[in-house]
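The structure appears below as structure tokens.
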Amino acid sequence: MHTPDPRRRSTVPPRPAGRPSRRAAALALAATTVALGLVVGLNGGADAAVQGSLPAGTQFYRDPASQAVKWVAANPGDSRTPVISKRIASQPQGIWFSNYRPATVTSDVRAVTAAAEQAGQTPVLVAYAIPNRDCGGASAGGAPDLASYDAWATKFAAGLGSSRSIVILEPDSIALTTCLGAQQQSDRFASLSRAVTAIHAAGPNAKVYLDGGHSTWNSASEQASRLRSAGVLNADGFFTNVSNFNATSGETAFARNVLSALGNPGNLHAVVDTSRNGNGPAGSTWCDPSGRAIGNYPTASTGDSAIDAFLWIKPPGEADGCAATAGTFVPDIAYQLAANAPDPSSPPSSQPPTSQPPTSQPPSGGASCSVAYRANSWSGGFTADITVKNTGSTTISGWKLAWTFPGDQKITSAWNATVAQSGAAVTATDQGYNGTLAAGASTAFGFQGTYGSNNTAPSAFTVNGSACATS
């Protein structure tokens, strides 16, 4: 029987064609448990005006067909559903491409990037098909050889399109090389460098991040040396803490040390996986440890010039392989992660507030608006994401969006807005922190619901009584 290396992660087993798979894993070396509560605001009192290379207002793409979203929709009466829906299913998470399917990878990627582009959001895509993946451990798989991987990476890149995207390129591929000889390691790093080039060539607005391991694995100088060999200077940076539980403060410090060892090149920054690190690791337990909590919600407002974003690269609630088969959504795990975090006063926004929530007041006039309504349906159920944009010249201070369903839709839960329904008439009201929309600014919220025979999208919307354009 294989004895797991505590540094390794496990991934999702192959799934039927047609949906990209997700990576499910966890690892942790023994580390001091740092009691960090859920951080929704800026990190560590850093200067909010200081940002990395991603715009602070970047909206990350929320997959309307993620395992968490589907479980919530299928279990409306479960006592765990409200908490999981509010704190996990509502949030954007990494979308994993870990099945080696060269014939469909371009269309698989394009399905995600096209949906994100339509929603005006930025997807987080995880490429995970390197040969000899996980050194033959629980996540074994990937392309049969590096030549095949090069071709797969080029086809992956072809699906990115011209809109902004984030590519998390091959977790563990640089930090975990214990099974590779010197030449094999060199060849792998050269292949990763070629993948970076292919991604930038095909996706001019894609940001690609390489494997930075984490703060309790390789030293910063060792990881920097490996990253340099893998072409990081031509990338946009590196990621840390993927599928791990290390505290955000330790990971950001480690990232800055790696950047320093690289000579602090101006084009490089880091992203940190905060999906399960709200109260740090559980000692040396790396596989489905109990008592963990979700960490910083996904945001590009990190307050740290070295850190582009806090992301949920590992989807919270998906098993590592001990509580259930790796990649299986386990509601008890999801509920525990969510319940162990402090209870926010309102559903969390994927872009957290940076100061005191504004007081909602009627707009002062001169405002106009546009609304984008995007729904994802299955038999008897659906989710919808709505983006409200101020297309006028004056600030909207407090908004109420209203519409009438043309079908028999019934809303069952919502996030980032307070939603009320009376018959077919619906109103969605801001939550204070997202109530102020400057000219040109937008905000997004969503909900899930049920329907009988007609799930036709609404055709008309008003904000504070004024009609909005639709897109």
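Worth a mention:
- Only residues that are within 22 Å of Q93 (Cβ to Cβ), not in a helix (DSSP H, G or I) and not β-branched (V, I, T) were counted in region 143-176, giving 12.
- Residue in region 193-210 that is part of a loop (DSSP other than H, G, I, E, B) and surrounded by 22 or more Cβ atoms within 10 Å (Cβ to Cβ) present: yes
- Considered as a group, the residues in region 54-87 that are assigned to a loop (DSSP other than H, G, I, E, B) and among the polar types (S, T, N, Q) include one that is nearest to V109 (Cα to Cα), and that residue is S66.
- Test: S355 is buried (at least 21 other Cβ atoms within 10 Å of the Cβ) and modelled with pLDDT under 70: no
- For region 88-116, the set of residues classified as out of contact with any Gly (no Cβ under 6 Å at 6 or more places or on another chain), in a helix (DSSP H, G or I) and not aliphatic (A, V, I, L, M) consists of S107, D108, listed by residue number.
- Among strands (runs of 3 or more DSSP E) entirely within region 402-455, having at least 1 residues that are surrounded by 17 or more Cβ atoms within 10 Å (Cβ to Cβ), in contact (Cβ under 8 Å) with a residue 24 or more places away in the chain and not hydrophobic (A, V, I, L, M, F, W, C) singles out 410-415, 425-429, 442-450.
- Number of positions in region 446-471 that are closer than 22 Å to A65 by Cα, in contact with a strand residue (DSSP E or B) (Cβ under 6 Å, 6 or more places away or on another chain) and of a type outside the set (V, I, T): 8
- From the list G295, G317, the lone residue that is at positive phi and not basic (K, R) is G317.
The values are calculated or read from the model by the stated rules, or taken from the named source; none is laboratory data. The shown structure was predicted, so the numbers you read here are calculated from the model rather than taken from an experiment. Reconstructed Cβ throughout: ideal geometry from the backbone, glycine too, with neighbour counts over all protein chains shown.
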